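The values are calculated or read from the model by the stated rules, or taken from the named source; none is laboratory data. Nothing here was measured: the structure is a model prediction, and the numbers come from that model. Here the Cβ is made from the backbone with ideal geometry for all residues, glycine too, and neighbour counts use every protein chain on show.
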Amino acid sequence: MKLGERFRAFWNKPSHIAYLFIAPVMILLVTFSIIPMIASFFLSTFDADIFLKDIKFIGLGNYQEALQDPRFWNGLWVTVKFAVVEVPIQMVVAMILAALVTKNSVQNKIFRGIYFLPIICSATAVAIMWRMFLHSSVGIFTYFLELMGIRGVNFLNSPDITIYVIIFMSVWKTFGISTIIFVSAMQNVPKDLYEAADLDGCSKIKQFFKITIPIIMPTFSFILITRLIGSLQVFDIIFTTTGGGPNYTTESLVTYVYTRAFSTQNRLGYATALSEFLFGLILVLTVIMYGKMFKNKNN
């Protein structure tokens with residue numbers, strides 16, 4: 001068989017045509033994900049600055065240094081605390097609001113649009129807006145507190161409350177997309193199940209917990225995983241509001257990576273090693289959660 005005939009015979013098979021369609025996506029994945037991941041790990045074994053001058057191979061030296069770095073552990077703690085608090089609050093808020101606006105009435109459609117507005121704004125713009133609202137001198141929230149006789153509250157410079165203020169900002173910024181996804185899932189729940197429950201005298205709350213939540217559990221798992229990944233990578237809203245202060249109480253791991261690589265430290269190799277720790281954490285959590293999700297689906 002001639003080469004041209006072999007080529008045509010190869011592409012005449014439907015399975016081979018499928019490879020042709022997925023090739024662009026695979027090329028992009030390899031170019032912008034796989035290769036950078038490999039290069040990142042390779043760079044983490046060197047002592048190098050952002051200009052890659054006087055580069056020196058040190059093996060696992062950066063990883064050993066990270067394990068002895070108090071700011072690494074602080075950044076990891078802040079990141080985990082942020083995710084553990086932010087994700088459940090955001091999901092509960094999104095699910096409750098989705099349940100309230102599931103029906104396709106005019107007012108519900110308006111509310112869905114309002115809920116979605118924060119997500120189309122950049123995190124930097126949201127952070128600047130809330131920083132103005134919460135300013136210790138001219139902020140609108142400070143003004144109302146002073147009217148009630150409460151003075152001296154500094155929302156963005158208090159080691160005890162600043163991280164929770166940032167969590168509130170993040171929830172306000174991101175709950176809209178989760179709400180819309182939950183609405184879509186709830187609208188796909190078979191209506192006859194609710195009708196049967198009404199005949200049995202089940203209340204709306206009981207229907208929500210016994211019918212709605214079990215059926216939308218795959219959607220719940222998807223939102224949980226994506227929000228967890230996003231919250232573990234929190235950077236922009238922290239960097240814009242506090243820069244990691246006061247006293248590193250809001251310095252997430254990504255914020256610390258930025259500081260080490262680009263701000264004052266100029267240690268790109270070490271910062272890359274720090275990011276590898278975060279990548280490993282996200283990878284392990286994602287694999288565990290996806291494994292449980294598919295196990296529950298099969299059961």
Failed item in (1) exposed (fewer than 13 other Cβ atoms within 10 Å of the Cβ); (2) polar (S, T, N, Q); (3) assigned to a helix (DSSP H, G or I), with N104 passing the rest: (3)
Unique residue being modelled with pLDDT of 85 or more and outside the structural domain of T272 (by TED's automatic domain parsing) when the list is I22, I35: I35
Given (1) in a helix (DSSP H, G or I); (2) within 30 Å of S136 (Cα to Cα); (3) modelled with pLDDT under 90, index of the condition K297 fails: (2)
Check on T250, part of a helix (DSSP H, G or I) and buried (at least 16 other Cβ atoms within 10 Å of the Cβ): no
Number of positions in the stretch 125-159 that are of a type outside the set (S, T, Y) and touching a residue at least 60 places away in the same chain (Cβ under 8 Å): 8
Yes/no for R131 being farther than 30 Å from I215 by Cα, in a loop (DSSP other than H, G, I, E, B), of a type in the set (K, R) and in the same structural domain as I237 (by TED's automatic domain parsing): no
Selection count where residues are exposed (fewer than 13 other Cβ atoms within 10 Å of the Cβ) and of a type in the set (K, R), scope the stretch 120-171: 1
Members of the stretch 37-74 that are surrounded by 12 or more Cβ atoms within 10 Å (Cβ to Cβ) and on the phi > 0 side of the Ramachandran plot: none
Index of the failed condition, G243 passing every other in (1) over 12 Å from the mean Cα position of the chain (by Cα); (2) in a loop (DSSP other than H, G, I, E, B); (3) at pLDDT 90 or above: (3)
Members of the stretch 246-277 found to be at pLDDT below 90 and among the hydrophobic types (A, V, I, L, M, F, W, C), listed by number: A261, F262, L268
Cβ pairs under 6 Å, 6+ apart, first in the stretch 275-299 and closer than 20 Å to I216 by Cβ, second surrounded by 11 or more Cβ atoms within 10 Å (Cβ to Cβ) and modelled with pLDDT of 85 or more: M289/I225; M293/S221
